[in-house]
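> Would you mind keeping the following structure in view while I ask a few things?
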């Protein structure tokens, strides 16, 4: 069994113990493997703004790395919720960047976790005339400042 299959087994085991019946669709994305949960109870697994998905992903990866220290980080999604949210967020980030290029005024993005901040920084790096800055600190959610270069 490879690491991704082990991650799927860990996730299904957690879901079953929580009383959910689900199937997994395993795919490979740009940023690594993705475990997409298919269930009729998706709203309960997604939670408010995807917070339960984040928790499931965190637990899955913690357990996985305990058994497979060199395992790739897996992403946990449910009915493509996170994929859709990422697309919306990146479209918003690009729009803000274009506003900054247009009028030269710095703007801050909404608070993002580390994963979404990395996606935003990578997307903004592709846009000429923009620089980004993330504040230091222990907060889980931070705002990226987008300024004209």
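Read the figures in this text as sums done on the coordinates, not as results from a lab. Being a predicted model, the structure only gives us computed values, none of them experimental. A quick note on method: Cβ atoms are made from the backbone with ideal geometry, for glycine too, and the neighbour counts reach across all protein chains shown.
> Only bridges whose two residues both fall in the range 3-79 count here: according to DSSP, what percent of them are antiparallel, nearest 5?
65 percent
> The list (1) 0.99; (2) 1.04; (3) 0.94 gives values of Rg/Rh (Cα atoms, Kirkwood Rh), and only one came from this structure; which label was calculated from it?
This structure yields the entry labelled (2).
> When DSSP assigns beta bridges and you keep just the ones with both residues in the chain, what percent turn out antiparallel, to the nearest 5?
Working: 14 of 18 bridges.
The antiparallel fraction comes to roughly 80 percent.
> Quickly work out the residue 91-to-residue 59 label distance, labels modelled 7 Å from Cα along the C-beta direction, and quote it in nm with one decimal.
Calculated label separation equals 3.2 nm.
> Calculate, for residue 83 and residue 149, the FRET efficiency according to 1/(1 + (r/R0)^6) with r their C-beta to C-beta distance and R0 25 Å; round to the nearest 0.05.
Using R0 = 25 Å, I get an efficiency of 0.25.
> Sticking with this one: Calculated FRET efficiency, residue 23 and residue 110, Cβ-Cβ r, R0 35 Å, to nearest 0.05?
FRET efficiency, residue 23 to residue 110: 0.60.
> Label-point separation (nm) for residue 1 and residue 43, each offset 7 Å from Cα along Cα-to-Cβ?
Between residue 1 and residue 43, the label points sit 3.3 nm apart.
> Still on this model: Send over the semi-axes of the range 1-78's equivalent ellipsoid, whole angstrom and largest first, taken as the square roots of 5 times the C-alpha gyration tensor eigenvalues.
19, 13, 12
> Next question. Spin-label point model (7 Å from Cα, Cβ direction): what's the residue 101 to residue 51 distance in nm?
3.6 nm
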